[in-house]
Ligand code: ADP
């Protein structure tokens, strides 16, 4: 009975969100969370109403990236109020439930699944144009929960870097999404080349052309390439959203072009 009630509640809340987009990667460290946050910011800059669900329960990093680490979630009669950035992006993360950023969340699959259900059924997103869902790397519990609980996911964006290893694991992520009947919106190649700030020369740190190849092999669109820029890591560490601080950078332009294609 409670399960049915919860399912109905999820349906009701999700029906008010036009586009639900999951951000996945085959492996960690490729910039998936950075991409998820900057996609949310890019849609927000374009004037859309945006929410960001950090579905990486044990490895959450969205609060830090948006400088919301000290936020908490508040219960009301209508549900749970998400945190909100100064630009008005609504954010939910398991990080808002812990005492400090250093407190680990040690949970097995079923608990993670129930927190995701709780987030989906209780968070008051209201009417949104886009809900960006940052999934943990790989094909574990959370992506499975999200895929099963959200009735009409618009599609998956898959983040990779141009290394051979990342290209191999990205196939797994694509196949996983396909098995779950999720549409694949496309692949984003992150850390794609580096322009030396001193001499201006372009260096392909992890190889080049990998994104095109994998997109072609798997028959999915390549949404864009985001170059390596040391300022991205720096602004992540400072909690200052990169594309707000450096609107004219190659990275910001790439993001704005990518959201046009989504
Ligand atoms: P994931 O979510 O895939 O584990 P993160 O988003 O946490 O990866 O990114 C891993 C690290 O790489 C972070 O320190 C982040 O700031 C950095 N990073 C991500 N994308 C870029 C980029 N395009 N240029 C420079 N650093 C980046």
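Every read-out reported here was derived from the displayed coordinates using simple, explicitly stated rules and does not represent laboratory data. Note that this is a predicted model, so its numbers are computed, not measured. Here the Cβ is made from the backbone with ideal geometry for all residues, glycine too, and neighbour counts use every protein chain on show.
Could you check segment 175-208 and list, in sequence order, the residues that are outside any loop (DSSP other than H, G, I, E, B), over 20 Å from residue 233 (Cβ atoms) and in contact with a strand residue (DSSP E or B) (Cβ under 6 Å, 6 or more places away or on another chain)?
Within segment 175-208, 177, 184, 185, 186, 187 meet the criteria.
Could you check segment 58-165 for strands (runs of 3 or more DSSP E) lying wholly inside it with 1 or more residues that are farther than 22 Å from residue 180 by Cβ?
In segment 58-165, the matching strands (runs of 3 or more DSSP E) lie at 74-76, 79-81, 90-93, 128-134.
Would you check if there is a residue in segment 165-176 being within 11 Å of the ligand (Cβ to nearest atom) and surrounded by 13 or more Cβ atoms within 10 Å (Cβ to Cβ)?
Scanning segment 165-176 turns up at least one residue that is within 11 Å of the ligand (Cβ to nearest atom) and surrounded by 13 or more Cβ atoms within 10 Å (Cβ to Cβ).
Would you confirm whether any residue within segment 68-88 is surrounded by 23 or more Cβ atoms within 10 Å (Cβ to Cβ) and touching a helix residue (DSSP H, G or I) at 6+ places or on another chain (Cβ under 7 Å)?
no
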